[in-house]
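A short write-up of the structure that comes next.
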Amino acid sequence: MADLKPILQLAQQLRQQAVQQRQRRVLLMSGEAVWCRGCAEAIAHELVIPAQQRLWIGEPYGDIECLPNRQAKTRLGSECQLLIYDAHSGFDPDSFGAVSGTLCGGGLLLLLAPPLNQWPQFDDPEYSRLLVANYQLSQIKGRFLQHLVAELQQAEGVLVCTQGEVLPSLEWVADEPPEVCSVSAPYLSEDQQRAVTAIHHVMTGHRRRPLVITSDRGRGKSGALGLAAGQLLLQEGARRIVLSAPSREAVDSVFRQASGLLPDSTRVGNCLGWRDAELQFIAPDQLLMQRPEADLLLVDEAAAIPVAMLQGMLAHYSRVVFSSTVHGYEGSGRGFAIRFQQHLDNDAPGWQALRLKQPIRWAQNDPLEGLVFRALCLDAEATANEKLDGLTLDGCQVRAVGRDELMAQPLLLAELFGLLVNAHYRTTPNDLRNLLDGPNLTLYVMESIGEGSRHVVGVLLLAHEGGFDEVMAEQIQQGRRRPRGHLLAQTLASQLGLQRGAQLSSARVMRIAIHPAIQRCGFGAALLRVVSEECIADGVDLLGASFSASKGVLQFWQKQGLGSVLLGLGHESSSGAHSVLLLRPLSEVGSALYQQARLRGQRMLLAQLSDPLQRLEPELALCLLAQQPGLPLPSVDEQDLLDLHNFAHHQRGYELTLHVLQPLVQWGLVNHGDQLSDDQQLLLFSKVLQQRSWGECAQVCGYSGRKALLVAIRQAAQLLLTRYLASQC
């Protein structure tokens, strides 16, 4: 390797500049992998940085601590002074976004990459996550890497060292000197001190006045939660503070800050104990299931938690603090703010908002922060509301957009991705890469077409699936193969047992988003209608979608002609809800398979309600049952009819009649649910179909006990028996 002395000197100078300005700097090593890694190792040994403050992301190299991309998020909450990101091992946008936030002011990022003019054509190892069955690696065009290279080349604070070329000169200097902290320990900024004071007010002030803290990364919001928790346990007599977040790793810094204020505190697993008080972490789904008592609930990274779960927390706990990153790799803080604010205005009108703006880990105008925002589109914004005033469907156009057009029109990409970020709480930088490079995707946009300007008001991302040969389809049906990226085909074949479902051509709506300013006005239906027509013209057999199930979601898709086919048994980790698969047939063969899938899914749903789906939310379940195909009359002989009559009109035992009462209730709820009152539907579903205990059923349905429940069940059975007898005639 050529003399490294000039490169080492340049790295030293760049690090010194970073320390003086308390900002981060980027040294991009562009060349062959061996050269880049050798330079990085030499720089790491040249700089006087403790070993525990150095981190290498990529394949193991030398004696520096190394983590693969998959484990990068385990370093959340930690800090480093030297970060080496080896893109020769694969560039993962989520991981890069995560670890970039661990680099402190005065730190140096060494980004190792192929020659910049060749990087977009590089066979990135991370492409394995984009490549789906039936597609080839050559179909991934490297558009995301092209976008990344363009941002790196024009970013301030980034020096590019290219193998075999003259080294760049160090000219860029920050405009302002670093700010001096004007507050005393333990606070690191005035913003953080204000946040801690506001959390105290939630704990000690009026009930039902939740606090929402938002900030970009590195502003000390998690530290504020930890400081406040420690102070409240120490000074205000709090006995139990509950902490919730998408993952335990995300709140390690909260525990560290709290333990620093509590002498002799001990942490065991998810609990920090101090004398007879505790700070305990509980995952969101477990929190809503267990509903433990708490003096205060702290919810960190709320943007990555479904709004429905946040609503449940808000309903049960009277003193709550929600904290969220605004521009984060974890999920959309802006979408969280838009959606959750509506619920706060209705359910807790006295809620307070606090935005932290002062950086703590680095000084203002940090070049790396700006680069990460732009390169990962974390700062992408949807069209401003005022630009859509008076917009009607006649003023819109739907079209398929090529990804090369997105690359050529940055404003189109920003509006499109900004809309996706606002609409979905788990939109991350990896979604940007999939949007630009996913080989099986087609992108549709709905645009306003006013004079002189066009703006994105709707987005639909469509994945093409299925089309497997008979041999592969049989292996999928048998559970021996799980082809990546074919959710509809795999579910139809392996879970519903319909081999033909993997052979037919299908299209799945991965994402659909309509601008908040024009929602519930028919724009989403119009967008989906155009996409359906194009799918029919392309010979697609089935149009489908798989989303977190809710009453509103089911009703929307039903209006668009998609029927529910299969409900997932478990709660999704990302949403806390059951997933539901919906289909619409677009061809004759698709229609035949759709009818099969509906009937098989219906039988599975009815059988599963008493065991794996016994905790399914009644409102959702009744909505699902109302959308099912009509059930045939249950097979009932004369003795069964007599048993039903004696139960409904006399005193025959419930348990002795359950064998015939259950099919009658299934038939009644599916075929004639609208003729039962809401209370009767809830009662029959909870007790007869889900077979909940008498005590639990009384609590869920609002009855005093078993006797009152039996009276109500008998009355509902009378109505269903009358309807059954009338249907026999």
For this session: Spot the failing condition for residue 656; the list is (1) surrounded by fewer than 16 Cβ atoms within 10 Å (Cβ to Cβ); (2) over 48 Å from the mean Cα position of the chain (by Cα); (3) at pLDDT 95 or above, and only one is missed.
Result: (2)
Exercise. Would you call residue 286 surrounded by fewer than 23 Cβ atoms within 10 Å (Cβ to Cβ), over 16 Å from residue 219 (Cα atoms), at pLDDT 90 or above and under 23 Å from the mean Cα position of the chain (by Cα)?
Worked result: yes
Exercise. Does any residue in region 208-224 that is charged (D, E, K, R) come within less than 9 Å, Cβ to Cβ, of a residue that is in a strand (DSSP E or B) and crowded, with 24+ Cβ neighbours inside 10 Å six or more places away or on a different chain, and which pairs are these?
Worked result: 216/325; 217/325; 219/325; 221/213; 221/215; 221/323; 221/324; 221/325
Problem set entry | Members of region 113-159 that are surrounded by fewer than 18 Cβ atoms within 10 Å (Cβ to Cβ), aliphatic (A, V, I, L, M) and modelled with pLDDT of 95 or more | 150
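Can residue 117 be described as under 18 Å from residue 144 (Cβ atoms) and touching a helix residue (DSSP H, G or I) at 6+ places or on another chain (Cβ under 7 Å)? It would help to see each step written out before you state the result.
Numbers: under 18 Å from residue 144 (Cβ atoms): yes; touching a helix residue (DSSP H, G or I) at 6+ places or on another chain (Cβ under 7 Å): no.
Considered against the rule, which asks whether it is under 18 Å from residue 144 (Cβ atoms) and touching a helix residue (DSSP H, G or I) at 6+ places or on another chain (Cβ under 7 Å), residue 117 comes out as no.
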Exercise. Within region 488-512, can you find the residues that are within 18 Å of residue 600 (Cα to Cα) and charged (D, E, K, R)?
Worked result: 500
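Is it the case that residue 492 is in the same structural domain as residue 602 (by TED's automatic domain parsing) and not in a helix (DSSP H, G or I)? So that I can check it myself, show each step before the final result.
Working: in the same structural domain as residue 602 (by TED's automatic domain parsing): yes; not in a helix (DSSP H, G or I): no.
Judged against the criteria, residue 492 is not a match.
Are any residues in region 341-383 closer than 30 Å to residue 149 by Cβ and hydrophobic (A, V, I, L, M, F, W, C), and if so, which ones?
As a first pass, look at region 341-383 and keep what is closer than 30 Å to residue 149 by Cβ: 359, 361-383.
Result: 362, 363, 368, 371, 372, 373, 375, 376, 377, 378, 380, 382.
Pick from 228, 258, 245, 250: which is among the hydrophobic types (A, V, I, L, M, F, W, C) and surrounded by fewer than 23 Cβ atoms within 10 Å (Cβ to Cβ)?
Working: 228 fails: surrounded by fewer than 23 Cβ atoms within 10 Å (Cβ to Cβ); 258 fails: surrounded by fewer than 23 Cβ atoms within 10 Å (Cβ to Cβ); 245 fails: surrounded by fewer than 23 Cβ atoms within 10 Å (Cβ to Cβ).
After ruling out the rest, the residue left standing is 250.
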For this session: List the number of the failed condition for residue 480; all other conditions in (1) surrounded by fewer than 14 Cβ atoms within 10 Å (Cβ to Cβ); (2) over 21 Å from residue 134 (Cβ atoms) hold.
Result: (2)
Exercise. Is there any pair linking a residue in region 343-366 that is in the same structural domain as residue 209 (by TED's automatic domain parsing) to one that is among the aromatic types (Phe, Trp, Tyr) and outside any strand (DSSP E or B), with Cβ under 8 Å and at least six apart or on different chains, and which?
Worked result: 344/351; 345/351
For this session: Could you please find all residues in region 599-622 being farther than 19 Å from residue 661 by Cα and assigned to a loop (DSSP other than H, G, I, E, B)?
Result: 612, 613, 615, 616, 617
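Does region 460-481 contain at least one residue that is touching an Asp or Glu at 6+ places or on another chain (Cβ under 6 Å) and closer than 27 Å to residue 396 by Cα?
Within region 460-481, the subset touching an Asp or Glu at 6+ places or on another chain (Cβ under 6 Å) is none.
The answer is no; no qualifying residue exists.
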For this session: Within region 239-279, work out how many residues are of a type in the set (Asp, Glu) and either closer than 21 Å to residue 303 by Cα or in contact with a helix residue (DSSP H, G or I) (Cβ under 6 Å, 6 or more places away or on another chain) (or both).
Result: 2
Exercise. Which number in (1) buried (at least 23 other Cβ atoms within 10 Å of the Cβ); (2) in a loop (DSSP other than H, G, I, E, B); (3) out of contact with any strand residue (DSSP E or B) (no Cβ under 8 Å at 6 or more places or on another chain) marks the one condition that residue 207 misses?
Worked result: (1)
Exercise. With (1) surrounded by fewer than 20 Cβ atoms within 10 Å (Cβ to Cβ); (2) farther than 27 Å from residue 283 by Cα; (3) touching a Pro at 6+ places or on another chain (Cβ under 9 Å) as the list, and residue 548 as the residue in question, which single condition is left unmet?
Worked result: (2)
Exercise. Taking residue 408 and the conditions (1) aliphatic (A, V, I, L, M); (2) in contact (Cβ under 8 Å) with a residue 60 or more places away in the chain; (3) within 18 Å of residue 145 (Cα to Cα), which numbered condition does it fall short on, given that it satisfies the others?
Worked result: (2)
For this session: Please enumerate the residues belonging to region 40-60 that are farther than 21 Å from residue 10 by Cβ and surrounded by fewer than 18 Cβ atoms within 10 Å (Cβ to Cβ).
Result: 50, 51, 52, 59, 60
Problem set entry | Criterion violated by residue 138 - all others in (1) within 30 Å of residue 340 (Cα to Cα); (2) within 31 Å of the chain's Cα centre (by Cα); (3) of a type in the set (Ser, Thr, Tyr) satisfied | (1)
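Can you say whether residue 315 is surrounded by fewer than 21 Cβ atoms within 10 Å (Cβ to Cβ), more than 14 Å from the chain's Cα centre (by Cα) and on the phi < 0 side of the Ramachandran plot, as far as the supplied structure shows? Steps first, answer last, please.
Details: surrounded by fewer than 21 Cβ atoms within 10 Å (Cβ to Cβ): yes; more than 14 Å from the chain's Cα centre (by Cα): yes; on the phi < 0 side of the Ramachandran plot: yes.
Yes; evaluated as a whole, the condition is true for this residue.
Identify, from the list 570, 552, 524, the residue that is assigned by TED's automatic domain parsing to the domain that holds residue 619, assigned to a helix (DSSP H, G or I) and under 21 Å from residue 305 (Cα atoms). Step through it out loud before you land on a result.
Working: 570 fails: assigned to a helix (DSSP H, G or I); 524 fails: under 21 Å from residue 305 (Cα atoms).
Within the list 570, 552, 524, the selection yields 552.
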For this session: For residues that are in contact with a Ser or Thr (Cβ under 6 Å, 6 or more places away or on another chain) and surrounded by fewer than 23 Cβ atoms within 10 Å (Cβ to Cβ), tally how many sit in region 463-476.
Result: 1
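Just need a number here: residues in region 111-139 that are within 18 Å of residue 165 (Cα to Cα) and either of a type in the set (Lys, Arg) or in a helix (DSSP H, G or I) (or both). Working first, answer last.
Within region 111-139, the first condition is being within 18 Å of residue 165 (Cα to Cα), and the residues that meet it are 111-119.
Remaining after also requiring either of a type in the set (Lys, Arg) or in a helix (DSSP H, G or I) (or both): 119.
Residues in region 111-139 being within 18 Å of residue 165 (Cα to Cα) and either of a type in the set (Lys, Arg) or in a helix (DSSP H, G or I) (or both): 1 in total.
The values are calculated or read from the model by the stated rules, or taken from the named source; none is laboratory data. Nothing here was measured: the structure is a model prediction, and the numbers come from that model. Using ideal geometry, Cβ is built from the backbone for each residue, glycine included, and neighbour counts are taken over all protein chains shown.
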